[in-house]
């Protein structure tokens, strides 16, 4: 996950140092997080209460607190759906965490087809907040784990869209990724994703370049020679700074 700080306000480096006044505003849903530590400091029960006026049972509160952050996001979204809440009221909420819940609500809602889910997730993939963009692809990751070939095909039109949407295509298909299940097929056969990788090999956005490099670094853990050969080919086909940067970072662990 991208741990870079949000714009303007710097967050605390440790959970214990997040100021009480910041935590209170985060729990009320009136402030966006500045970094991951602030997100971890949020009391989801209080945020649910502030957002929709619903009091979680003691058992539900304890259950959520026992989970890691990604599962906590997912299970909160599941609970909101079970309570009959529509994703529409969460998509533009001031809290980035609540908008993250919206991503998981989209992913979990059985009323949407897979294509509809990806269409709905676009705005969150393009969100101004770094955290929401991470929750967007993480919430949809399971579909890529189950059927990467179909998802890659579905995402190909995103490759000519915004920087954030192009990065989404790379992050969600990473063979290993961060805080998420691995994609076995892409670890074994990374060439399946060449339609995405080739389209991004000289991407002008550093945000996208870093993601592509990390994709290839993932792949190199299982297919080092394939990544070396691909980078060599790219440097011949695309002798530009962007490609050189991607390849250098992609090969950082290849000795």
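All of the numbers you see were taken from the coordinates with simple rules; none came from a lab. All of these numbers come straight from a predicted model, not from anything done at the bench. Counting neighbours? That spans all protein chains shown, and the Cβs are built from the backbone with ideal geometry, glycine included.
What is the percent of Cα-Cα separations in segment 41-87 that go past 18 Å?
Of the Cα pairs, 19 percent sit more than 18 Å apart.
What translational D, rounded to a whole number of µm²/s, comes out for segment 69-182 from Stokes-Einstein when the hydrodynamic radius is the Kirkwood one over Cα pairs, at 4 °C and 1.567 mPa s? Present the calculation step by step, with values, prior to reporting the outcome.
Values: Rh = 13.9 Å.
The calculation lands on 93 µm²/s.
Please list log₁₀ I(q)/I(0) at q = 0.11, 0.15, 0.16 Å⁻¹ for segment 173-255, using the Debye equation with identical point scatterers on the alpha-carbon positions.
Debye output, listed in q order: -0.24, -0.45, -0.52.
In whole Å, largest first, what are the principal axis extents of the Cα atoms in segment 65-129?
Largest to smallest, the principal-axis extents are 32, 27, 19 Å.
Going by a ≥ b ≥ c, the root eigenvalues of the Cα gyration tensor, does segment 22-115 fall in the rounded group (a/c under 1.5), the prolate group (a/b larger than b/c) or the oblate group? Walk me through the numbers on the way to the answer.
Details: a/c = 1.56, a/b = 1.31, b/c = 1.19.
It is prolate, given that a/c is not under 1.5 and a/b is the larger ratio.
Based on a Kirkwood Rh over C-alpha pairs, give the Stokes-Einstein translational diffusion coefficient of segment 126-177 at 10 °C and viscosity 1.306 mPa s in µm²/s.
Numbers: Rh = 11.1 Å.
In µm²/s, the coefficient rounds to 143.
Return the single residue from 37, 105, 140 with maximal mean-square fluctuation; model: Gaussian network over the chain, springs between Cα atoms under 10 Å.
37
Going by how many other Cβ atoms sit within 10 Å of their own, how do 179, 226 line up, fewest first?
On the way: 179 12, 226 15.
Listed from fewest to most nearby Cβ atoms, that is 179, 226.
If you average over every viewing direction, what projected area does the convex hull of the Cα atoms of segment 112-244 give, in nm²? Numbers along the way, then the final one.
Working: hull surface 29.4 nm².
The Cα convex hull of segment 112-244, projected and averaged over all directions, gives 7.4 nm².
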